[in-house]
Amino acid sequence: MTIEPIGFLVFLLGLALVYYGSRFAITALCISTLLGAAAAFQLPALGGSSIQPSHLLLLFVTIGVLLRPRQKQAALTSLAYPGPGFWFAAYVLFSAVSAFFLPRIFAGATLVYSSARSSSGLMSIMASPLAPGSSNLTQSVYLLGDLICFAVVCGFARLGHGRFIARQLIVTALVCLGFALLDIATFTIGQPDLLDFMRNANYTMHTAEVIGGFKRIVGSFPEASAYGAAALVFFSFTLILWLERFPSRFTGFATVSVGLTVILCTSTTAYVAGLFMIGVAILFSLKRLLSGQATRPYATFLLITLLMVPCVIMAVALIPSAWNAVGDLANVTLANKLESQSGEERTAWNTLALVSFVETATFGAGLGTVRASSFAAALLSNVGLTGTALFLLFLYSLLTAAARSKLASRENRAIGMAAVFASVAQIASATISGSSTDLGLLFSITAGLASGCLTAPYGQQNRMTRLQRTPASLMSTPVFPSR
């Protein structure tokens with residue numbers, strides 16, 4: 001194991017957040033999810049795998065929660081039936097079990113694309129017969145980390161920290177914007193190496209690519225698609241908070257500024273998933289408006305998306321140079337994407353993944369065995385029909401949590417809906433270009449926040465449970481003091 005310089009800093013930060021408690025821990029954990037190109041540790045024994053700072057911080061966050069009984073109990077009860085946490089835990093545990101058994105049961109039964117590392121440590125994708133590998137272990141550890149993160153954040157939200165977590169995600173959105181500006185600035189002055197201290201992971205870095213005259217924004221991530229997917233999450237989250245008039249002066253600014261970076265990042269994933277999320281937001285706004293529950297920002301949003309944006313597009317069409325530049329970018333990133341080398345490779349990954357799903361009798365090849373280019377194909381090929389069904393049950397439970405919730409306050413409902421939108425944005429991005437079943441810690445944070453805000457507070461639920469267990473005769477019979 002090799003410790004990187006950034007790993008020492010993260011280790012010291014982890015010790016501090018164990019001491020200072022939940023609020024400091026949540027802030028550090030949210031911001032650390034942006035360091036997608038950084039490595040705290042290198043593990044040569046596991047094929048040169050990199051441990052990201054966010055996962056190292058999660059270890060210290062977990063230790064801090066275990067040292068505080070109330071937080072530990074709130075985190076554990078967040079996984080109780082029939083909430084979203086129960087189905088997420090079932091999906092994760094089944095996936096971890098599949099990583100051990102299925103690659104051995106179906107060894108050699110089919111060809112799969114899997115990740116391999118060269119002698120220099122760089123990752124490459126190659127087709128080989130199905131067999132167990134180090135990725136089965138690493139993907140299981142990552143997915144179990146996602147579950148722990150979900151439980152911790154959900155527990156914090158149920159303890160009344162939902163507003164604080166929402167504010168920290170807004171701060172993280174602004175930090176994401178700052179990394180994007182740094183990326184553009186260092187590229188413009190010809191000094192992209194200034195950010196190498198946080199681009200030290202064993203990934204292939206696409207930090208200096210240009211498409212149609214536009215610099216591909218990567219920020220603190222290894223490629224534009226990863227940045228675009230993360231920025232879309234923050235845009236979706238802050239957009240709903242702004243529509244619901246969440247009390248934060250930076251919500252509107254974060255929505256506009258991060259939304260602009262999504263447009264400028266030149267990521268096909270961000271564009272397609274972004275159009276989908278805008279469509280969902282329009283339908284959601286229309287529903288709120290027709291039901292009489294909409295605030296003024298909803299009407300403003302509909303005015304902008306349904307009237308002003310088409311007018312701007314028509315105005316740009318009158319300027320040939322600008323329209324040609326936009327058209328060239330759209331052709332490269334959208335219209336001709338599948339015809340590119342990258343598009344052909346990703347299509348081949350998905351095709352072979354679905355073939356392996358059929359050739360393993362729909363059981364899947366086991367978590368971490370098959371690499372695909374779509375979250376849907378990765379689910380089916382790795383964990384089969386059972387794992388996919390468990391994830392869909394979790395998603396359904398998360399989407400319907402707001403309808404089932406009767407005790408959540410208006411503010412918690414707003415935060416919960418924003419977190420649900422952010423979670424859906426991550427699933428949409430992963431469905432377009434996700435290579436594995438691991439949606440990452442940022443997904444666990446938003447999904448945990450949604451589940452925690454849309455269920456009964458921890459203390460209130462305990463009181464309700466005690467009342468339900470109290471015999472009706474004791475509740476209805478008056479008790480008079482003895483003389």
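Couple of notes before you dig in:
- What you get for the chain, charging only the Cβ of Lys and Arg (+1) and of Asp and Glu (-1), is a dipole of about 2340 debye around the Cα centre.
- Sorted largest first by accessible area at a 1.4 angstrom probe radius, with every protein chain in place, the residues Y20, Y271, Y203 fall in the order Y20, Y203, Y271.
- Nearest-10 value in Å² for the accessible area of Y113, using the 1.4 Å probe: 50 Å²
- Where only DSSP H runs of four or more residues are counted, the chain gives -21000 deg cm²/dmol as its mean residue ellipticity at 222 nm, each run worth -39500 (n - 2.57).
- The chain shape via C-alpha gyration tensor axes, a/c threshold 1.5: oblate
- In terms of its C-alpha gyration tensor, the stretch 125-181 comes out oblate, because a/c is 1.5 or above while a/b does not outweigh b/c.
- With protein chains left intact and a 1.4 Å probe, residues in the chain average 46 Å² of accessible area per residue.
- Sulfur and carbon atoms: percent of accessible area, the chain [1.4 Å]: 68 percent
- Area of F106 that stays accessible when all protein chains are in place (1.4 Å probe, Å², to 10): 40 Å²
- Taking all protein chains as shown and a probe of 1.4 angstrom, K72 keeps an accessible surface of around 80 Å².
- Of the DSSP H helices in the chain, those whose Cα atoms cover at least 30 Å axially and whose Kyte score averages 0.0 or more: 84-105, 134-156, 162-188, 268-290, 410-433
- A 1.4 Å probe over all protein chains sorts W87, W242 by accessible area into W242, W87, starting with the largest.
- Shape call, the stretch 209-300: gyration tensor on alpha carbons, a/c limit 1.5: prolate
- Across the protein chains, with a 1.4 Å probe defining accessible surface, the residues V424, V358, V65, V210 rank V358, V210, V424, V65 from largest area downward.
- Spin-label model, V210/Y20: points 7 Å from Cα along the beta carbon direction are separated by 4.1 nm.
The values are calculated or read from the model by the stated rules, or taken from the named source; none is laboratory data. Please read all numbers here as calculations on a predicted model, not as lab measurements. All Cβ positions, even for glycine, are placed from backbone atoms using ideal geometry, and neighbour counts span all protein chains on display. Ligands, DNA and RNA are stripped out before the accessible areas are found, and what is left, the full protein with its side chains, is counted by its heavy atoms. Shrake-Rupley method; radii C 1.70, N 1.55, O 1.52, S 1.80 Å.
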